[in-house]
Amino acid sequence: MPDLIEKAAKQISEAKSVVALTGAGISVESGIPPFRGKGGLWEKIDPMSVAHIDALKKDPEMVWRVLIKSMKLVLDEARPNAGHIGLAELEKLGILQTVITQNVDGLHQMAGNSDVIEFHGTFAWQRCMECNQSIETSQVDMTTIPPQCACGGILRPDAVFFGEMIPAEELMRSQKASANCDIMIVIGTSAMVEPAASMPFVAKNNNAVIIEINPEPTQLTTRISDLSLMGSAGSIMPRLVKAVQKRLEPL
Ligand code: NAD
Ligand code: ZN
């Protein structure tokens, strides 16, 4: 592993444009359970019955009780971990340009990254399903579930549910960033959810090197990853950043 981290650090420190693609795994060490994988939420509930737009439309009270309310309680407490902080440090070093994230938790921004594409929207805001008015999640009164807008409509997170389209601008910007980078660091994503899962392929087709950080192999590992750093984001990232910093220091 030290060899692989050195190899990755060498490539990262020599790159012109580095982009990161992150998934739920990078936030696991911040106390946010992923959907898939060990300890994932989906061991307990069926995603299609709660995280699908049809479920939200049909039974918003159930979706609020089973998914949204518990997510709010978890996200209220969550803070960036060493994985997020490592990506913010790579930006400060002038190396990392953009983070494309599938997460809705806002932790990349909290860690200090300035160009974050929120592919699946954000949990920080709710919008009314009737009049489209937005309200910050922290301001939502949860004494009645589902919470309502002043107009009487029901509030929903400004996040993308299964069965919904990715916002066009985020999709376009992600494709552009993926096509133009020479390294993509893929952290904590099983790369099963499309179209986010296609971004590493867009990068690879444009000759980018793919560096993967994940404790478990994914469908990218044998197919397109050039370097696979097997471990948690919180343990690998600080070592990787340190190795990059060392290479950038004048001798
Ligand atoms: P996913 O498909 O990205 O799978 C999680 C991946 O993270 C797995 O490959 C797992 O091996 C890896 N992982 C686990 N612990 C890790 C660690 N400590 N460090 C690095 N990698 C680790 O994500 P999912 O959970 O299936 O979620 C699907 C979608 O649901 C996301 O794309 C997102 O939109 C939403 N979601 C968001 C959050 C969040 O905002 N934090 C949390 C859960 C789900
Ligand atoms: Zn309204």
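The values are calculated or read from the model by the stated rules, or taken from the named source; none is laboratory data. Bear in mind that the values here come from a model prediction, so they are computed numbers and not experimental data. Positions of Cβ are generated from backbone atoms using ideal geometry, with glycine treated the same way; all protein chains shown enter the neighbour counts. Protein only, heavy atoms only, side chains kept; ligands, DNA and RNA dropped before computing areas. Shrake-Rupley method; radii C 1.70, N 1.55, O 1.52, S 1.80 Å.
Ranking Val116, Met71, Ile183 by Cα position along the charge dipole of the chain, where only Lys, Arg, Asp and Glu carry charges on their C-beta atoms, puts Ile183 farthest toward the positive end. Here the chain is treated with +1 on each Lys and Arg Cβ and -1 on each Asp and Glu Cβ, and its dipole about the Cα centre works out to around 420 debye. The residue among Pro167, Pro238, Cys149 whose Cα reaches farthest toward the positive pole of the charge dipole of the stretch 115-251, with charges on the beta-carbon of Lys, Arg, Asp and Glu, is Pro238. Here is the list for the stretch 214-246: trypsin sites (Lys or Arg not before Pro) lying in DSSP coil, each with at most 14 other C-beta atoms within 10 angstrom of its C-beta, are Arg223. Its Cα gyration tensor gives the chain an equivalent ellipsoid; the semi-axes, largest first and in whole Å, are 34, 17, 17. Once the Cβ-Cβ distance of Ser235 and Glu194 is raised to the sixth power relative to R0 = 45 Å, the FRET efficiency obtained is 0.95.
Carbon and sulfur: what percent of the chain's accessible surface (1.4 Å probe)?
53 percent
Could you give the accessible area per residue of the stretch 82-187, probe 1.4 Å, as a whole number in Å²? Walk me through the numbers on the way to the answer.
Details: 4790 Å² over 106 residues.
Per-residue value: 45 Å².
Is it possible to state the helix-based mean residue ellipticity at 222 nm for the chain, with each DSSP H run of 4+ residues giving -39500 (n - 2.57), the sum divided by total residues, to the nearest 500 deg cm²/dmol? What is it? Could the numbers behind the result be given before it?
Details: 10 runs with 88 residues, N = 251.
Roughly -10000 deg cm²/dmol at 222 nm, from the helical runs in the chain.
Rounded, prolate or oblate: which one fits the stretch 177-247, using the alpha carbon gyration tensor with axes a ≥ b ≥ c (rounded when a/c is under 1.5, else prolate when a/b beats b/c, else oblate)? Because a/c hits 1.5 or more and a/b fails to exceed b/c, the stretch 177-247 counts as oblate. Applying the Kirkwood pairwise sum to the alpha-carbon positions of the stretch 129-245 produces a hydrodynamic radius of 17.1 angstrom. Note on the chain: GNM, Cα springs under 10 Å; of Met184, Met110, Met237, the largest mean-square fluctuation is that of Met110. If one takes the longest principal axis of the Cα atoms in the chain, at what angle in degrees, from 0 to 90 and to the nearest 10, does the Cα axis of helix 82-92 lie? For 82-92 against the chain, the angle is about 60 degrees.
Just add up the charged neighbours of Arg65: K/R +1, D/E -1, any other residue whose Cβ is under 13 Å from the Cβ of Arg65.
Working: positive: Lys69, Lys72; negative: Asp59, Glu61.
Net charge in that neighbourhood comes out at 0.
Of the residues Gly112, Gly94, Gly231, which exhibits the maximal mean-square fluctuation in a Gaussian network model of the chain defined by a 10 Å Cα contact cut-off? Most flexible of the set in this elastic network: Gly94.
Among 151-161, 53-63, how do they line up from the highest to the lowest mean number of other beta-carbon atoms within 10 Å?
151-161, 53-63
Here the extension length gained between Leu4 and Arg247 equals 86.0 nm, from 0.36 nm per residue of separation less the Cα-Cα distance.
Taking the longest Cα principal axis of the chain as reference, the axis of helix 2-14 is set at about 90 degrees.
Work out the FRET efficiency for Met165 and Glu61 from their Cβ-Cβ distance, taking R0 = 25 Å, and round it to the nearest 0.05.
Here the calculated transfer efficiency is 0.50.
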